[in-house]
Amino acid sequence: MMLLKLKIPVAIVLFILCYSALAQTRDTLDLEGSWAFQIDRNDLGTVEKWFTQKLKDNIILPGSMLTNNKGNDISIATQWTGSIYDSSFYFNPRYKKYQQPGDVKFPFWLTPKKEYVGAAWYQKEVNIPKDWKNQRLYLFLERAHTETVVWLDDTPLGMQNSMVAPHQYELPADIKAGKHTLTIRVDNRIKEINVGPDSHSLTDHTQGNWNGIIGKLKLIATPSVYMGTIQAYPNREQKEILFKIPVNQAETKKTTITLNLNLSTFNTSETTDFNFRKKEVRLTEKTDTLEVTYPLGENLKLWDEFHPSLYRAHFSLTSKAGTDDLELTFGIRDFKTQGRSFTINDRPTFLRGTLDNAIFPLTGYPPMDVPSWERIFRIIKNHGLNHVRYHSWCPPEAAFKAADRLGIYLQPEGPSWANHGTALGVGRNIDRYIYEETNRMMQQYGNYASYVMMAYGNEPRGKQVEYLTAFNDYWKQKDARRLYTGASVGGSWPVIPNNEFMVRGGARDLDWKNHAPQSVNDFSENIKDFKVPFVSHETGQYCVFPNFDEIKKYTGAYEARNFELFQEDLADHHMSDQADTFFKASGKLQVLAYKYSIEKAMRTPGYSGYQLLSLSDYSGQGTALVGILDAFWDAKPYVNAEEWREFSSETVPLAKLPKFVFTNAEEFKAEIQIAHYGKAKRITNQSWSITDEKGEELASGTFNQPEINYGLSNLGVVEFSLREIDTAQKLTLEVSIDDTDFKNHWDFWVFPEALPKLASSVYECTELDEKALEVLEKGGTVLLHAAGKIVKGAEVAQTFLPVFWNTSWFQMRPPHTLGIVVDPEHPLFQDFPTDFHSDLQWWSILNKQQVMHLEDFPPTFKPLIQPIDTWFMNRRLAMAFEARVGNGKLMVISVDLNDSKKDAAAHQLYYSLQQYMNSDDFNPETKLESKLIQDLFTTPSRQQFDKYTKDSPDELKPKNEGK
């Protein structure tokens with residue numbers, strides 16, 4: 001191979017216009033439409049030479065067997081691609097009703113309308129034009145899943161198995177014009193190369209293990225002297241661009257070519273056009289590489305999230321064989337590290353990211369058009385984010401194009417989660433395949449400015465330190481256009497020493513199980529040993545109850561049979577009328593948890609970013625409803641983008657609050673900071689205010705810092721005396737940046753330090769003993785304190801925070817609940833400020849407190865304080881309920897509100913409870929037998945969880961495994 005270097009002088013002309021895209025001049029023959037098709041269930045097609053036969057069925061491409069309704073019906077015996085750690089569905093009698101032939105409802109993931117894993121054959125008659133004579137011809141399949149073998153007539157063209165890049169096949173050089181039969185065998189089985197059955201590139205947990213070909217399908221003709229894949233290497237400091245242009249010819253000979261290069265900026269208001277004179281070059285090898293250095297002038301257009309300016313280069317290569325044209329786009333940017341920070345063009349940036357887990361409910365495969373990806377990226381940016389990680393998969397080229405245009409920092413990955421039956425560095429075929437796939441990613445997408453980071457994939461097993469250290473070294477030497485980390489991993493995985501940045505757990509989320517909520521602590525201690533940027537791995541994973549109104553949106557290849565199962569099961573537990581309330585109440589708690597997790601990350605010095613898992617729902621692994629958006633990237637009704645941006649944006653005010661529950665004998669004090677990663681330093685005033693629930697301002701002030709620099713800055717202190725607050729109420733601190741949309745707020749609660757003594761006729765007890773029954777029989781009122789004594793419901797673990805990921809995948813790992821539902825207008829809460837959902841004033845009342853399982857109570861019975869159970873169990877739970885027993889009135893609570901160790905909120909709720917029980921408002925409607933109450937203290941729940949399997953996900957395995 002010969003290397004030819006050219007230094008190009010240019011003339012520059014400036015003008016204002018919208019750039020009109022240059023058309024490709026390579027001749028193409030589109031292959032979209034109807035193809036002959038045949039399923040090869042017995043794997044006989046190759047032996048029987050199906051490429052010489054007419055296939056018996058038809059199918060539409062681009063598409064998959066699933067989108068064409070081809071394959072096997074779903075049954076209880078369907079063999080899925082993916083791990084199932086909770087086998088109770090197959091064995092628990094409760095699920096028998098969902099296993100009926102023709103109406104199977106799996107809880108683990110969305111259900112495809114058809115399923116097929118194996119070989120399938122696709123065939124089309126093509127007509128090679130006469131004017132393609134002496135041309136080089138190749139077949140282009142933009143994305144096939146997974147392995148393709150191609151024949152033209154009876155001539156084999158080869159096999160390819162990329163999951164990240166197009167499959168391209170050279171046609172025979174002596175091909176004749178006229179009709180030919182093109183036959184493609186697609187096989188989606190995991191074979192010699194096992195990337196891991198839970199890899200998002202193929203698992204039924206995500207996009208599904210589909211069989212088909214999507215995107216562009218075409219035959220392409222070029223002259224016999226043609227260009228290969230051109231790579232662009234911008235140099236911001238030198239203000240120039242280096243192009244490496246492979247030039248190929250059919251045979252080794254001396255050939256004179258003329259290279260013409262036109263360059264222009266686009267995606268920016270001021271467009272620069274670079275005019276280039278033609279240059280002649282003499283080739284002497286079958287494959288030569290031209291290196292062309294192109295100066296870009298002083299008016300350099302840089303790419304970042306705020307100004308994603310782009311360049312378009314059009315290459316025209318002319319020889320006696322004809323003219324070959326290619327076009328590419330690129331951006332000028334430096335995405336680098338500086339100590340523990342990321343920089344973009346020397347300016348600090350903080351990655352506010354989400355995972356894209358390859359969830360595509362309508363098709364089962366990713367969109368291949370730019371507008372679809374622009375929609376997703378606009379939604380992401382509208383929520384204040386600037387970064388996407390592709391968990392163990394690589395998106396198609398349309399995603400890179402859209403991210404370039406909108407300014408999103410991407411971390412695509414190799415198509416592997418090398419775990420659960422496979423491993424790295426132990427001599428398996430996957431070791432080589434990861435290098436092959438990441439090289440294809442570089443070749444195909446390496447010019448895109450948005451492609452700033454890369455990892456092999458997700459959480460591997462095997463000799464991962466040795467393998468991934470070598471992987472990092474290889475890529476850092478080969479291509480410096482992006483940053484590299486070995487793998488995206490949880491906190492227990494070993495550290496890869498030469499990572500350029502870390503994506504790992506161990507420094508994320510909230511410790512509100514063991515400590516009362518506050519917003520002072522950060523992750524400094526957790527990340528102190530890392531000298532490179534730290535990005536939190538899969539932050540959040542806070543669940544919300546299913547939205548059953550979403551079911552009707554599944555009109556394509558997948559059905560939400562999991563949602564249907566959960567909905568029917570909820571109805572079987574007599575709570576279908578509460579589904580929407582459960583959804584919205586748990587959603588409010590979810591947003592609260594995300595807010596304080598993200599703020600904790602942003603106030604940590606040296607922290608460099610977070611990757612949510614995820615902004616949208618994850619439909620698999622047991623149904624992980626962790627998104628504030630659904631699987632279609634549509635908003636859920638309990639939070640909007642503007643509210644989310646308060647704590648997730650380029651500029652975020654932060655408040656250090658030691659607690660959120662105060663008494664009126666205390667002083668409120670908050671240290672105010674600001675995390676700023678905007679396009680420039682800010683010179684503007686900053687204001688604060690404290691308001692009550694009516695919106696009336698109680699105090700306000702300004703900080704007036706002359707300048708807000710990049711990174712984390714201190715603004716000042718807010719102090720406010722609470723002595724004038726004489727009733728229990730919620731107050732709100734808001735901090736805003738004047739003349740901008742940047743603001744943030746924090747609710748806190750103030751309660752009277754001393755509560756009046758009440759004259760009470762209520763008999764209070766800790767068991768339903770003879771005395772209590774006597775009081776009830778005589779028409780009296782009883783308050784039964786059940787804290788610590790509940791048996792029916794003792795198996796339910798409640799904390800303040802909601803379910804993590806979901807209770808199926810993690811085999812009922814605590815917590816099991818999703819917050820609470822209450823009626824704020826109920827007189828029980830007359831003296832206790834609350835909304836219909838959990839909020840921070842409820843922490844000491846709910847966290848690690850017992851719940852009661854009302855499995856034998858009347859179907860219409862509703863508790864006063866109702867924890868929301870995991871949707872896999874749908875148990876009717878209570879922390880407080882009222883009823884008529886005998887001739888009297890009974891209140892049962894499973895938390896000791898009078899505990900001196902609890903905060904003022906718990907004591908205030910106890911006071912409000914006493915007020916209610918001593919008033920005429922206390923008049924329960926439902927009559928219960930005393931035995932039903934006694935059973936809560938003596939009889940275990942009949943509905944219990946049994947996982948029916950010994951296997952478990954990595955996070956539940958001993959720490960020495962998976963290394």
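The values are calculated or read from the model by the stated rules, or taken from the named source; none is laboratory data. Keep in mind it's a predicted model, so treat the numbers as computed, not measured. A quick note on method: Cβ atoms are made from the backbone with ideal geometry, for glycine too, and the neighbour counts reach across all protein chains shown.
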Residue 221 being outside any loop (DSSP other than H, G, I, E, B) and touching a helix residue (DSSP H, G or I) at 6+ places or on another chain (Cβ under 7 Å): yes
Take residue 388 and tell me if it is crowded, with 21+ Cβ neighbours inside 10 Å and either in the same structural domain as residue 199 (by TED's automatic domain parsing) or touching a residue at least 24 places away in the same chain (Cβ under 8 Å) (or both). yes
Among residues belonging to the stretch 727-770 that are small (Gly, Ala, Ser) and in contact with a helix residue (DSSP H, G or I) (Cβ under 8 Å, 6 or more places away or on another chain), point out the one that is surrounded by the most Cβ atoms within 10 Å (Cβ to Cβ). 728
Sort out for me the strands (runs of 3 or more DSSP E) sitting completely within the stretch 238-329 that have 1 or more residues that are of a type in the set (S, T, N, Q). 240-248, 255-266, 271-275, 287-295, 310-319
Where residue 760 falls short, out of the listed (1) in contact with a Leu (Cβ under 8 Å, 6 or more places away or on another chain); (2) over 30 Å from residue 592 (Cβ atoms): (1)
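Condition check ((1) touching a residue at least 12 places away in the same chain (Cβ under 8 Å); (2) hydrophobic (A, V, I, L, M, F, W, C); (3) surrounded by fewer than 22 Cβ atoms within 10 Å (Cβ to Cβ)) across all residues:
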residue: 456; (1), (2), (3): yes, no, no
residue: 476; (1), (2), (3): yes, no, yes
residue: 479; (1), (2), (3): yes, no, yes
residue: 511; (1), (2), (3): no, no, yes
residue: 515; (1), (2), (3): no, no, yes
residue: 521; (1), (2), (3): yes, no, yes
residue: 524; (1), (2), (3): yes, no, yes
Just checking, how many residues over the stretch 529-549 are farther than 18 Å from residue 588 by Cβ, out of contact with any strand residue (DSSP E or B) (no Cβ under 7 Å at 6 or more places or on another chain) and in contact (Cβ under 8 Å) with a residue 40 or more places away in the chain? 1
Restricting attention to the stretch 342-358, the residues that are assigned to a strand (DSSP E or B), surrounded by fewer than 20 Cβ atoms within 10 Å (Cβ to Cβ) and out of contact with any Phe, Trp or Tyr (no Cβ under 6 Å at 6 or more places or on another chain) number exactly 2
For the stretch 339-361, which residues satisfy the criterion of being in contact with a helix residue (DSSP H, G or I) (Cβ under 9 Å, 6 or more places away or on another chain) and among the aromatic types (Phe, Trp, Tyr)? 350
Which residue out of 869, 856 is touching a residue at least 40 places away in the same chain (Cβ under 8 Å) and under 26 Å from residue 547 (Cβ atoms)? 869
Report yes if residue 186 is within 29 Å of residue 456 (Cβ to Cβ) and touching a His at 6+ places or on another chain (Cβ under 9 Å), otherwise no. yes
For the stretch 580-632, which residues satisfy the criterion of being aromatic (Phe, Trp, Tyr) and under 20 Å from residue 108 (Cα atoms)? 583, 618, 632
Counting only residues that are under 20 Å from residue 825 (Cα atoms) and part of a loop (DSSP other than H, G, I, E, B), which one in the stretch 852-880 is nearest to the chain's Cα centre (by Cα)? 879
Of all residues in the stretch 821-854 being aliphatic (A, V, I, L, M) and within 22 Å of residue 517 (Cβ to Cβ), which is surrounded by the most Cβ atoms within 10 Å (Cβ to Cβ)? 851
With (1) under 30 Å from residue 95 (Cβ atoms); (2) crowded, with 19+ Cβ neighbours inside 10 Å as the list, and residue 859 as the residue in question, which single condition is left unmet? (2)
Quick one: is residue 75 surrounded by 20 or more Cβ atoms within 10 Å (Cβ to Cβ) and assigned by TED's automatic domain parsing to the domain that holds residue 362? no
Can you name every residue in the stretch 662-698 that is over 30 Å from residue 387 (Cα atoms) and in a loop (DSSP other than H, G, I, E, B)? 664, 665, 666, 693, 694, 695, 696
Across (1) touching a residue at least 60 places away in the same chain (Cβ under 8 Å); (2) within 24 Å of residue 912 (Cα to Cα); (3) of a type outside the set (Phe, Trp, Tyr), residue 712 clears everything bar (2)
Picking from 696, 666, 707, which residue would you name as being without any contact (Cβ under 8 Å) to a residue 24 or more places away in the chain, out of contact with any Phe, Trp or Tyr (no Cβ under 7 Å at 6 or more places or on another chain) and not aliphatic (A, V, I, L, M)? 696
I'd like to check something: does the stretch 26-42 contain any residue that is closer than 30 Å to residue 289 by Cβ, among the aliphatic types (A, V, I, L, M), assigned to a strand (DSSP E or B) and at pLDDT 90 or above? yes
Restricting the search to the stretch 438-465, which residues are closer than 22 Å to residue 504 by Cα, in contact with a strand residue (DSSP E or B) (Cβ under 9 Å, 6 or more places away or on another chain) and of a type outside the set (Gly, Ala, Ser)? 438, 451, 452, 453, 454, 456, 458, 459, 460, 461, 463, 464
In the stretch 474-533, which residues are of a type in the set (A, V, I, L, M, F, W, C) and either more than 21 Å from residue 337 (Cβ to Cβ) or in the same structural domain as residue 840 (by TED's automatic domain parsing) (or both)? 510, 512, 516, 520
Checklist (1) surrounded by 14 or more Cβ atoms within 10 Å (Cβ to Cβ); (2) more than 30 Å from residue 345 (Cα to Cα); (3) of a type in the set (A, V, I, L, M, F, W, C); (4) over 24 Å from the mean Cα position of the chain (by Cα) applied to residue 672, failing item: (2)
Determine if the stretch 132-150 includes at least one residue that is surrounded by fewer than 16 Cβ atoms within 10 Å (Cβ to Cβ), free of Cβ contacts under 8 Å to residues at least 60 places away in the same chain and not polar (S, T, N, Q). yes
Restricting the stretch 949-960 to residues that are exposed (fewer than 13 other Cβ atoms within 10 Å of the Cβ) and farther than 17 Å from residue 814 by Cα, the one modelled with the lowest pLDDT turns out to be 960
Of the residues that make up the stretch 771-778, is at least one in the same structural domain as residue 916 (by TED's automatic domain parsing), touching a residue at least 12 places away in the same chain (Cβ under 8 Å), surrounded by 14 or more Cβ atoms within 10 Å (Cβ to Cβ) and touching a Phe, Trp or Tyr at 6+ places or on another chain (Cβ under 7 Å)? yes
Is one or more of the residues making up the stretch 888-907 within 30 Å of residue 620 (Cβ to Cβ) and either at pLDDT 95 or above or assigned to a helix (DSSP H, G or I) (or both)? no
